[in-house]
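These notes are about the structure you will find just below.
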Amino acid sequence: MKMWTRCLRLLVDAGFEPGGTTMVELGPGDTLGLGLSAMLYGIAHYTGLDAVPYARDFQPQPFLDALGKVPITIEAPRFVRRVTGTAYENLRQDLLHRLHYVAPWKPRDVAPETADLVLSCGVLLHMEDLASIYRTTYEWLKPGGYACHWIPFTAMFLSPHWNGHWAYSDLEWRIAQGRRPYFLNRQPMSAHVQAAKDVGFDVLTTQAIPATGGLPLSDLAPRFQQMETSALTTRQVRLVLRRPVG
Ligand SMILES: C[S@@+](CC[C@H](N)C(=O)[O-])C[C@H]1O[C@@H](n2cnc3c(N)ncnc32)[C@H](O)[C@@H]1O
C-alpha cells in the first residue's frame, strides 16, 4: 500500500486522476499487492506483467479483503477517495475480471493505446534494452497517459558499496550474472531519462535521491568513470513520464 500511495502522490501532483483507469505494472514480483492497492484507489483494470511467474499462486481475493481493512493512510493525496461501500463490493465481485497477470509477457499482451498508467517498482534496473521497454510502454499508453517508475541504481547484494556494481569489468559482470534470468543493467539515471525522451515521453518529475559514500571514482571500471556527476551520485529515482496528448 505504501509504495502505491507514494507513486500516487507523485502522479496526482503531475495531473493524473486514477478513477476508472487502466494500469499496467511491470515486474510485480510475488504479490499483486500494489495492483490491488491501486484498485482500492479507483484503478478499474490492472495487468501485472512479469518475466518470471513469481505470483502464479497468488490469491487476490483474501489479499484485497486484508487491504480493505488497512486504515485510510494519510500518505494518499487527500482528494483521492478510497473505494468503499457498494463500489468496494462491486470491485470484490468483479475482481477476477478486472485483474490480469501474464508471466512471461510479450509486448502484444497489452493492446496499443489502451493503458492510462504504466508503473514499475525496482524493475527497470533489470531490463537490458532500455530503448525497447520505453518504446513498448509508450505504445501501450493512450495519448496523455502516464508512467511512473521507481528505479534504484545500487549494487544490491553484489557489493558492500552502494556503487560497487560499477567497479566490475564487463567480463567479471558476465561471470557474476551466470544463468540468472535477469540481472542489473548497470545503467545510470541519465540513460533512463534519455531513453524516455528519445521515444517521445515528456519527463514531468525526476525525484532523485542522492547517495553518500561509496567507492571513489578511481575504483570504478574505466567506462563508468566517464559517467556524469549526477549519475555517479544518485542512488534511486522516481520518474513520472507522460505520453503527449497530441
Ligand atoms: C526486485 S523485484 C521487484 C518486485 C516488485 N516490483 C517489488 O517492488 O517488490 C524485480 C522484479 O522484476 C521482474 N523483472 C525482471 N525483468 C523483467 C522483465 N523484462 N519484464 C518484467 N519483469 C521483469 C522480476 O521478475 C521481479 O519480479
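Values quoted throughout were computed directly from the atomic coordinates according to the rules given, and no laboratory measurement underlies them. Since the structure is predicted, the reported quantities are computational estimates derived from the model, not experimental observations. With ideal geometry, Cβ positions are generated from the backbone for all residues, glycine too; neighbour counts draw on all protein chains shown.
Loop-located trypsin sites (Lys or Arg not before Pro) in segment 210-246 (DSSP state other than H, G, I, E, B) with a sparse environment of at most 10 neighbouring Cβ atoms within 10 Å are absent. Among the GluC sites (Glu not before Pro) in segment 76-154, those located in a DSSP loop and surrounded by at most 13 other Cβ atoms within 10 Å of their own Cβ are Glu113, Glu128.
Using Cα springs under 10 Å in a Gaussian network model of the chain, which residue among Ala147, Ala155, Ala176 shows the largest mean-square fluctuation? Maximum among the listed residues: Ala176. Legend: ranking of residues Ile43, Ile175 from fewest to most surrounding C-beta atoms inside 10 Å; resulting order Ile175, Ile43.
Helical runs assigned H by DSSP (4 residues or longer) give the chain a calculated mean residue ellipticity at 222 nm of -9500 deg cm²/dmol, each run adding -39500 (n - 2.57) before division by the residue total.
Spatially, segment 131-167 and segment 189-203 are offset by 11 Å when compared through their Cα centroids. Across segment 102-118, coupling constants 3J(HN,Hα) worked out from phi with the 6.51/-1.76/1.60 Karplus curve, θ = phi - 60°, read 10, 7, x, 10, 10, x, 6, 5, 10, 6, x, 6, 10, 9, 8, 8, 10 Hz, and Gly and Pro carry x.
Pairs of lysine residues in the chain that meet both criteria, 8 or more places apart or on different chains and Cα atoms under 26 Å apart, total 4. In the elastic network of the chain, a GNM with C-alpha springs shorter than 10 Å, the most mobile of Phe201, Phe224, Phe157 is Phe157. Find the relative contact order for the chain and round it to a whole percent, using C-alpha pairs within less than 8 Å whose residues are 6+ positions apart. Worked out over the chain, it gives 20 percent.
Extension gain for the segment Thr229 to Arg179, taken as residue separation times 0.36 nm less the Cα-Cα distance, is 14.7 nm to one decimal.
Could you work out the local net charge near Ala191, counting Lys and Arg as +1, Asp and Glu as -1, over the other residues with Cβ closer than 12 Å to its Cβ? Net of charged neighbours comes to -2. For the chain, taking the reciprocal of the average inverse distance between every pair of different Cα atoms yields a Kirkwood hydrodynamic radius of 19.0 Å.
Distance from the Cα centroid of segment 95-125 to that of segment 1-53 is 10 Å (rounded to whole angstrom).
Using a Gaussian network model on the chain with a 10 Å cutoff between Cα atoms, which of Pro28, Pro152, Pro222 fluctuates the most? Top of the fluctuation ranking is Pro222.
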